[in-house]
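Heads up: the structure comes next, in structure tokens.
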Amino acid sequence: MVYIITTSEERNTGRDHQSFGARGWKGNRKEKMDIKPVIVVHGGAWAIPDDLAESSKTGVKNAATHGFSILSDGGSSLEAVEAAVRIPEDDTAFDAGHGAVLNADGDVELDAIIMDGKNLAVGAVSCIKNIAHPVTFARTIMEQTPHVMLTGSGANKFAEEMKIEKVPTEELVTLNAVKEWEQYQKYKQSVTSLFNTERTHDTVGAVAIDSKGNVSCATSTGGITNKMVGRVGDSPIIGSGAYADNFTGAVSTTGHGESIMKVTLARQVLFYIEKGETPKSAADHALEYMKERVHGRGGLIVISKSGEWAARFSTKRMAWASAENNILTYGLNPGEKFQEKICL
């Protein structure tokens, strides 16, 4: 069963005049639209324990509020999603940047992606070490190199050249992460068993649309406890962990990375939207397909080119928050939705 959380009402914002022919997109002229800025943030779809429930909600609320303040000041959706994701990257309640988990060797390897739906520009990093804000490094790769992704030692070398902020490993790792790693080492639990218990899925992400109608997305993670050294999950993979296209919308996913990659979950959601489904229906359809086809669970946030959005998950919990019209909406449990006014 896929849990239904919330969507905003569809806005009457006009439609793109476009068609697809043998040579690609034609007539990509947009009518003038009155788009209201919206941002949606997730803090991971997994069996979030009660002792992390409040901090997880607070974290995504803070991230959404911060991102929305940028949109409200006329900032771009790309700026907003980067700024929003940096908040949980600094929050040890999540597994991205600070709070990252340990791999099989007891080390930290981080992944992230950011994508601009206006021109399909994208930057990603995988298996990087000692970087405080992987999402910002991913944006640097997007803007300062001709490549989409850098990984491992080569990525870290480029980070030094670009003077990307570094931190010692011990600053990124929490005591809980160490205890969790020691437990898994002691009992020799496999990654598969961890996914079966719906644990360790606390990737973070954001999607947004700005007043110009441009959409963007970003996803960041520290991976999963006791993963093989060099393992790369879905988060930095374009079309799996995230995707953004002004013609359709933007998505950020979370959950069992291997399952998400097998069905290219982010792009699958947008495919259903292209076929005429709402973001809510498209998210449900894609999550159900992943569950039936590869027995994977997870969650996602999606925003359409008109600003309609959804936050959906098939795990026990997912921390999420949205901000629009100076209203903050958030939740954690199935069917849960709270609202409060944003004071910027």
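The values are calculated or read from the model by the stated rules, or taken from the named source; none is laboratory data. Keep in mind the model is a prediction, meaning the values are calculated, not measured. Backbone-built Cβ (ideal geometry, glycine too); neighbour counts: all protein chains shown. Each accessible area value is taken on the protein alone, full model and side chains, heavy atoms only, with ligands, DNA and RNA left out. Shrake-Rupley method; radii C 1.70, N 1.55, O 1.52, S 1.80 Å.
Between Rg and the Kirkwood Rh of region 288-331, both from Cα atoms, what is the Rg to Rh ratio?
Details: Rg = 12.8 Å, Rh = 12.0 Å.
Checking Rg against Rh, the ratio lands at 1.07.
Assuming R0 = 35 Å, what is the FRET efficiency of D107 and Q144, from their Cβ-Cβ distance, to the nearest 0.05? Numbers along the way, then the final one.
On the way: r = 27 Å, r/R0 = 0.76.
Using R0 = 35 Å, I get an efficiency of 0.85.
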Plugging the Cβ-Cβ distance of S211 and E165 into 1/(1 + (r/R0)^6) at R0 = 22 Å yields, to the nearest 0.05, a FRET efficiency of 0.15
With equal scatterers on the alpha carbons only and no solvent term, can you work out the Debye log10 of I(q)/I(0) for region 223-286 at 0.19, 0.21, 0.29 1/Å?
-0.65, -0.76, -1.21
Amide H within-cut-off set for I342, under 5 Å, with H built and near neighbours excluded
I327, L328
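With every protein chain kept in place and ligands, DNA and RNA left out, what is the accessible area per residue of region 122-162? Probe 1.4 Å, answer in Å². Don't skip to the answer; put the middle values down first.
Values: 1650 Å² over 41 residues.
Per-residue value: 40 Å².
What does the C-alpha gyration tensor say about the overall shape of region 199-307? Classify as rounded when a/c is under 1.5, otherwise prolate if a/b is larger than b/c, or oblate. If you can, show how the numbers build up before the last one.
Numbers: a/c = 2.41, a/b = 1.47, b/c = 1.64.
Oblate is the answer for region 199-307, as a/c is 1.5 or above yet b/c matches or exceeds a/b.
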Report the label-to-label distance for K275 and E292 in nanometres (one decimal), using points 7 Å from each Cα along the Cα→Cβ vector.
1.0
Using θ = phi - 60° and the Karplus form 6.51 cos²θ - 1.76 cosθ + 1.60, what ³J(HN,Hα) does each residue of region 301-308 get, whole Hz, x for Gly and Pro?
10, 9, 9, 8, 5, 9, x, 6
Could you look at region 29-128 and say what percent of its accessible area is carbon and sulfur, using a 1.4 Å probe and all protein chains?
45
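Which order do peptides 58-64, 247-253 fall in by mean Cβ count within 10 Å, highest first? Display every interim value, and only then the final one.
Details: 58-64: 25.4, 247-253: 28.7.
My ranking of the peptides, most packed first, is 247-253, 58-64.
If packing is taken as the average number of other Cβ atoms within 10 Å across a peptide's residues, how do 202-209, 296-303 rank, most packed first? Please list the in-between numbers first.
On the way: 202-209: 34.5, 296-303: 29.8.
In descending order of packing, they fall as 202-209, 296-303.
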Apply the Karplus parameterisation 6.51 cos²θ - 1.76 cosθ + 1.60, with θ equal to phi minus 60°, to every residue of region 53-65 and state each ³J(HN,Hα) to the nearest whole Hz, in sequence, with x for glycine and proline.
4, 5, 5, 5, 5, 4, x, 6, 5, 4, 5, 5, 5
For region 93-147, what class follows from the C-alpha gyration tensor (a ≥ b ≥ c being the square roots of its eigenvalues): rounded when a/c is under 1.5, otherwise prolate if a/b is larger than b/c, else oblate?
prolate
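Given a 1.4 angstrom probe, I'd like the percentage of the accessible area of region 218-336 that is carbon and sulfur, rounded to a whole number.
Values: 1800 of 3480 Å².
That fraction is 52 percent.
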Karplus ³J(HN,Hα) for region 93-103 (6.51 cos²θ - 1.76 cosθ + 1.60, θ = phi - 60°; Hz, whole; x = Gly/Pro) runs 6, 10, 10, 7, x, 5, x, 5, 8, 9, 7
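Of the peptides 144-153, 162-171, 230-239, 322-331, how do they stack up when ordered by the mean number of other Cβ atoms within 10 Å, highest first? Display every interim value, and only then the final one.
Details: 144-153: 14.5, 162-171: 12.1, 230-239: 23.0, 322-331: 20.5.
Final packing ranking: 230-239, 322-331, 144-153, 162-171.
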